[in-house]
Structures are given as structure tokens and as C-alpha cells.
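To keep things clear, I will list the structure first and then write my remarks on it.
The values are calculated or read from the model by the stated rules, or taken from the named source; none is laboratory data. All of these numbers come straight from a predicted model, not from anything done at the bench. All Cβ positions, glycine included, derive from the backbone under ideal geometry; neighbour counts span all protein chains shown.
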């Protein structure tokens, strides 16, 4: 112990590990670590979970289908043809490797200055609110999106070099003309899906209690909730899903992804996203010039299908921590709190009594997130507001399951656009409210840094 | 005179390059591939192909096989370049309809024969891309814990020790089960195979989703299930403590690839086919989320530890599975499974429970009296009951005649005729089962 951690200070911060409720965690470490149902799930809902998984893995088809009319309706414009295409193994996506590669599990949000419906970002007048590279036959895709990387060397206080790469978005072969100078873009890589039902079950009051938008406690951390449009309730609600907390519920998050990523309408989003300029798209969607298909049209994704997929995403269990009692990990856990990481990556939350699934209610959970928006500095800024999130703000991502990323994903990357190739790189990209914590890591003796990373690897 | 398809295709006939997709000229900017493969497989090929062929976008059109056939029957074939899918019956039908261009394949590299089975087109219009075998996924730890032997043969499935531990796919709902049950029926014989299935199914969990069959063993709901192998192999590769058992008499059946007659991007189409049949393309099949068997023997040198090599299978019995015969009867098998098993599982449970009870009583009596057949009369009753319980309303000799009526698993092309036939089956099954139950109960020793 002394050999590993020479600093008395480090020994002082060794923490008692936070360990999760066994009813909502699973002791798995393999490639399926993010794919198991909650152990507490009752048999009927377990069967529905499996049905939801089938839909999650299903490739949707261009209509009409004689054989599977329940699975047609892809497009007219789309990013991918299945949920799993972006959320492989329910883990993180992968950004393109460079110019010759394409976005597959990463997308680009688009907007122009101003506000749209419900204070949402104002969609681009021609391309809408999301860049859809592909179209069904007869509908031109919107173009090709990729990232080109430039690398610089950052140095820690002890001289250790760390290569950091920054993405440069390239949108080419534009199918509907130039995007124009006003366009704002945001690259979003698919995030991992474990524990989402638990996060949904945290009471709004608890999130509001964590928020400190005016930094009244003077710690420099100003978490705030995003206030977003709840389409089902027709009212504003606290956002908690999406990389900028721009969705209020898992059901809306899923319906939004079906709409934006696959082009499937639902009762929550009954209209296709074709803009007035996308005439072939509108024709394929059955929308004549200047008119909508109508709200009474049968949604391509039925409520039952949406509910099954939502149950699936709601009931994905969290992998249990590994090596939590390891002395090095315990020291790392203490350092994590001591240097301020835990100010945003809140270790412990509690779910409320009335969760969407009874199995989720009243659980003490350890997601390492406060689900709040924080200014992360210019380095991570996308410059694109999203409801009340500014161009510099991102929602604190949960860290549970972080240490299994490499087991689940072929090419593990981190942060909203996959720019970080290791957790240390991700830390070094932190800025804004997280700058003091980042600098503390930069200054750390290497053995302490090793302890911190060992702790992150245990999550 | 050449058939139309050959006349159209002949000028475009080119050799399938076996050394990657590096055509010596620029490919078209896209290739449209129609498939029903799951996205976990398609994604990896899309990514690998596009990286190997910068500038050529692989566009995937996902269609179930019957929708795909409609698309390929259109004059422009829906703009599709390549058809690449696991649908055994589709390729010969589409070839005969003139949907494909001929391929030239180097048989030194791609033998087209796996486990003694010809898996590619003898006429050269489509080529095997991968093969999958059929067997049993088991939970070795659960079986060891309860001191149960691992099943080794199809016949082992009928053992009473699996009560509540066995999962079977419902033939009418799970795509792979037509081939699976046909392999079993050809291996065991038509009548004996159905009797085996009925006995095994009596206390089994019937599962209506292909992936869920293996999943039932992975998550502990069952200890044994019959399945196509890639679900089990992928579960093993993903770290689940399950194992795969191939019965000695099984088969490895192909998925195939072909270039559409009207392919609008023929060079890119050929590059794609070359890629999926190349060594790197074939090696992708070893990925933990795919785990299907390559059709190139040379890539098995790269196989993960523990991979069975279907070209050199150990423990296999000589078994000439007739793939063509099987294809014709998948629909009939699904209909029979539905009528004989799925619709009557409760009654099968009662019936086979009575037979097993009578057999156990006779065995106990035999042990007590140290004689091999202490009660010939009751033994005969049980034997007769067993025979009637295994009754299948379509005799083996009639299968080929009736199979065309049920050709397509999902269609119902002769609804009235099929309904009348099912009604007749039901009546005869019920009569046989009623008599079997009566005999089994009579065979039980009087208390």
C-alpha cells in the first residue's frame, strides 16, 4: 500500500465503496454486460423485455411489406435502419475514424438561430433538425457526414504526454444544397443505455435539489435542469435524457429516436421530418405540397411497439462494480470525491416511490450523475443551444458501467462525440465548471492518477 | 439458345476475385445490397467493405425473403445489385426465374461443399457465403449440479429427465425451426422423429422467437434447447457459461449471395461479393456477435479457440441430409408441429405423463421381482400407448405429395383445403391420443 500510494493525503481520502442494489444490478463482465434485464423484473415484464429487445434489434424495412407490415415504414429519410445499429450491445457508439469513414453510430443535430416549437432548437429550414445521410429509393439522402481528426499533445504536470484529438465535422455530397452560414451543428455519439429506467425514476424534486444554477454554495459548480417540451403531456418538463438532457422521458426519447434516426412516425411524433424543400421526401411520406399527412394516419411505430422498446430500455440492468474493495480503487474513489468530480458525477441517488416499473421504485442507486447541465468549457462546446442548454453545457453523463466499455465495445471511445480514446483523455477535455477537477488530475502524482483511473475502471 | 438470364449476363460475366475487392478501376459510388441478415452482421460488413473501398457507399435494403422475391421480380429489380441472405429456398427459385447473373468461382478456394453437402449453386448463379449447423445449447453447470448427463443425440431429448428443463422453438413462428426439425426428422425417420418430438415437447417450454430459444438457456429458464448454432456460439463468445452440442447426425446449411441480373452497379456488386467471399470477409464471421461458419477452409487457421471446423467435423456420423427434400416440407412441418404439438401440449403432457408413470411402475415391478417382463399384458398396453401417442397424421410416404400445399411457412395459399386437412388431422390425433391415454391408464398397476 505504501509502495503504491506514497501520499498520506491519498490514504486519508480512501473511501468506503458505494455498492449497488442487487435487484437492479447484474454481476456480468462480458460483452453482454449492458444487455441483461433487471434481476427483479417480474416474469410477465421479462417476456415483454425480450419482445422489446427483438424490436430494438429489428431492422426496419421500406414499406410496403407483404410479409411484415408491422416492420415497415423506414424513412423517407433516415440515419440507420435499426436501434442496434447505433447502440451496439447497448453500449457507446463509435465515431468515424476519418475522412474515408462514415458516421454510423454518431449523428449530427442541425439548427439555425432562434427557437422552434416548445422552445426547441429552430430546425434548419431545408435539412430539418437532424442530418439524415440516407433516403429510401427515390428520395435523395441529405449527404455524407464524417469527422476528420486533428491531434495535439497535452502534458500532465509530471511531463507525461497525452495525445488529445479534436474532431472536425465534414458534411459533403449535400443532397439539398448548401447548409448556409447560420447553420449550427452538434455531433452526438450514441451513449450507453444501462440503468435508464432507474434514472427516469429519480424524482424531479431531487434533481431540483441538486441544482445550483446561481452557485449559492460557492463551489464553482452550477448544475441546472433543462426544461424541455413533453409532447405527451403538452407541457414543459425537466429533461433528463439525451446528451443535453433534451428529452423528459424514455418513451419520448425512444419515439424521438425512431422519428429522427429511422424516420418512423408514432403517436408522439406523427409527422415525418421532411421539410418543404424536400419534395421527394414529402411525396414518399404521403404529404402533398403544403400539407401534412394528417394526425389520423396510422403511425408506423405502434404504441404497443413503442411501449415494448421503452420497457426494454427501461429495464436494462446496471453491471455490478468489480474490485470495489481493492485498496487502490478505494483510494481512487476517495480522490474522485476529494478533487470535486463527485460534485457533478453524484455517486448516489434514490429512485422515487412511483416509478414506471414497480421494480425500479425505492432503490438506492449509484449512477455517478446529477442529470444536470454544466458548462464544460470551450473545448467541448458545440455552440448549439438545445432548449435551455447553452452551447457550452452538457448533461453529466452517468459513469456506471464505464469500466466495461472496452469489454462491450470493439473500439471504446468517450465523451459526446467519441473524441476521447481513454477515460484520462476524457478528463483532460473537461473545462468550464470542471476545470479545477481537471487541473487536479493534471497535477496528481502518477500513482494517485492510477488510483483514480482504477476507480473509474471499477464502475 | 441460352436462357434469357444467361444472354443478359454473359457480357458481364467476370471472375470472382478471391484476393479482396481491389478491382483495378474505380467502382461505382454505391452498391445496393438486399438482405435479411441481422444488423449486427450487416454493420460489420458494411463498415469493412466501405473501408476497403473508399468512395463506394454500401446501401442496405432489408427485406424478408418473400418481400425480396417481389422486389427482384420487378423489371429493374428494385435497383438492387446484390442479394445476400440466409434463405435457403429463395436462391434456387430466383435463379430459375432469371434473377441472377452467373458468378465464376475458384473452387480451389471455395469448394462449395461443406460437411459433404453441396452448398452453392451447381449452375453457378449463387454462392454459399456461410453455413450454420443445428444442435443443442446446454447449461453444463446446471446439468452437473443436478447430476444429469449432457444430451448427445436427438433421441436424448425424449428422456424424462428434461421435464421442465427443455425449450423448443415453435416451428410456425421461428424461422430456423423448419430446417432444424427437418434435420431431426430425416435423421430419426419421419414417424419416429415426430414421436420423439411429441414426447420431448410434452414437458418442454415452447418458444416463439428464434433468439429467445438460446436465451432461455442463457438466462436459466431452461437447461437444454434445440437451436441453430450461431445463437449458442455467440452466447458462448459473449461470455455466457453455456455449451453447444452437435448431434452426430446433423447438417450445416448455407446462406448465399448472388448478383442481380439488372444490377445497376455491377462492378461494385462484384467487389462486394468478392469481399464477403475473401479471406478477410470470411474471417469476419468469427466475430463474437456473428459466429457463423466460413465457407473457405483456409480461414479456419484464424478461427477462435474451440471453433468446430465443419470441413473436418469429428464425431459426425455418415448422414446425407437431403437439403432439397427438406426445403419442400418446411411448411408442412410447421403445420404439423402446430396441430400436433403447439395446440395440444397440455394433452401431450397428460398423455406422456401417464405413459411414463406406467413405464416407471413396470420398471419398479421388474426390479422388485427381478424379472425382465413381469407383466407382459401391461407391457403390451404401454407399448401400444406409446405407439399411439407418437401418432403423426401424415405418413412418411405421403409427405412429398402433401408438402406443396404448405410450401410457404407464412402463407396460406389454400386456406379451405388446409383447414379441412387440419381438421382431419386433429380428429385423428385426438382419437389416437384418447386411446393411448386409456391404454396407459389401464397399464398402471391397480392400487
Open item on the list: Just checking, does the stretch A:120-127 include any residue being at pLDDT below 95 and surrounded by fewer than 23 Cβ atoms within 10 Å (Cβ to Cβ)?
Closed with: yes
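Residues A:251, A:240, A:233: which one is surrounded by fewer than 23 Cβ atoms within 10 Å (Cβ to Cβ) and either at pLDDT 95 or above or more than 21 Å from the chain's Cα centre (by Cα) (or both)? Steps first, answer last, please.
Numbers: A:251 fails: surrounded by fewer than 23 Cβ atoms within 10 Å (Cβ to Cβ); A:240 fails: surrounded by fewer than 23 Cβ atoms within 10 Å (Cβ to Cβ).
One residue alone meets the criteria, A:233.
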TODO: Answer yes or no as to whether residue A:186 is away from every other protein chain (no Cβ under 14 Å) and loosely packed, with under 13 Cβ neighbours inside 10 Å.
DONE: no
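So if I check each of A:118, A:114, A:63, A:75, which one is touching a strand residue (DSSP E or B) at 6+ places or on another chain (Cβ under 9 Å), farther than 30 Å from residue A:195 by Cβ, more than 9 Å from chain B (Cβ to nearest Cβ) and not in a loop (DSSP other than H, G, I, E, B)? Step through it out loud before you land on a result.
Working: A:118 fails: farther than 30 Å from residue A:195 by Cβ; A:63 fails: not in a loop (DSSP other than H, G, I, E, B); A:75 fails: not in a loop (DSSP other than H, G, I, E, B).
Selected residue: A:114, the only one of A:118, A:114, A:63, A:75 that is touching a strand residue (DSSP E or B) at 6+ places or on another chain (Cβ under 9 Å), farther than 30 Å from residue A:195 by Cβ, more than 9 Å from chain B (Cβ to nearest Cβ) and not in a loop (DSSP other than H, G, I, E, B).
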- [ ] Residue by residue through the stretch B:388-424, note down the ones that are modelled with pLDDT of 90 or more, assigned to a loop (DSSP other than H, G, I, E, B) and under 16 Å from residue B:325 (Cβ atoms).
- [x] B:394, B:395
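Could we say that residue B:350 is out of contact with any helix residue (DSSP H, G or I) (no Cβ under 6 Å at 6 or more places or on another chain), more than 30 Å from residue B:66 (Cα to Cα), modelled with pLDDT of 95 or more and not assigned by TED's automatic domain parsing to the domain that holds residue B:116 here?
Details: out of contact with any helix residue (DSSP H, G or I) (no Cβ under 6 Å at 6 or more places or on another chain): yes; more than 30 Å from residue B:66 (Cα to Cα): yes; modelled with pLDDT of 95 or more: yes; not assigned by TED's automatic domain parsing to the domain that holds residue B:116: yes.
Yes, satisfied.
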Open item on the list: For the stretch A:359-369, check the following and say yes or no: at least one residue is surrounded by fewer than 19 Cβ atoms within 10 Å (Cβ to Cβ) and in contact with a helix residue (DSSP H, G or I) (Cβ under 8 Å, 6 or more places away or on another chain).
Closed with: no
TODO: Could you check residue B:159 against (1) in contact (Cβ under 8 Å) with a residue 40 or more places away in the chain; (2) in contact with a helix residue (DSSP H, G or I) (Cβ under 9 Å, 6 or more places away or on another chain); (3) surrounded by fewer than 20 Cβ atoms within 10 Å (Cβ to Cβ) and say which number it fails?
DONE: (1)
Task: Qualifying positions in the stretch B:308-326 - closer than 13 Å to residue B:183 by Cα and assigned to a loop (DSSP other than H, G, I, E, B) - done: B:319, B:320, B:321, B:322
Task: Out of B:144, B:69, sole residue that is out of contact with any strand residue (DSSP E or B) (no Cβ under 9 Å at 6 or more places or on another chain), at pLDDT 95 or above and within 14 Å of chain A (Cβ to nearest Cβ) - done: B:69
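Can you tell me how many residues in the stretch B:103-139 are in a strand (DSSP E or B) and more than 15 Å from the chain's Cα centre (by Cα)? Talk me through it step by step, then tell me what you get.
To start, the set of residues in the stretch B:103-139 that are in a strand (DSSP E or B) comprises B:104, B:113-114, B:117-118, B:127-138.
Okay, now just the ones that are also more than 15 Å from the chain's Cα centre (by Cα), so B:104, B:113-114, B:118, B:127-129, B:138.
The total comes to 8.
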Task: Any pair with Cβ under 8 angstrom, 6 or more apart, that starts in the stretch A:39-55 at a residue that is more than 12 Å from chain B (Cβ to nearest Cβ) and ends at one that is outside any helix (DSSP H, G or I) - done: A:40/A:23; A:40/A:24; A:45/A:315; A:45/A:357
Task: Among (1) in contact with a helix residue (DSSP H, G or I) (Cβ under 7 Å, 6 or more places away or on another chain); (2) at pLDDT 95 or above - the single one residue B:53 does not satisfy - done: (2)
Open item on the list: Considering only the stretch B:335-348, I want to know if a residue exists there that is in contact (Cβ under 8 Å) with a residue 60 or more places away in the chain and outside any helix (DSSP H, G or I).
Closed with: yes
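Please return the ranges of helices (runs of 4 or more DSSP H) entirely within the stretch B:177-285 where 2 or more residues are surrounded by fewer than 24 Cβ atoms within 10 Å (Cβ to Cβ) and within 14 Å of chain A (Cβ to nearest Cβ).
On the way: elements: B:177-188, B:190-202, B:210-218, B:229-237, B:266-277, B:279-283.
Result: B:210-218, B:229-237.
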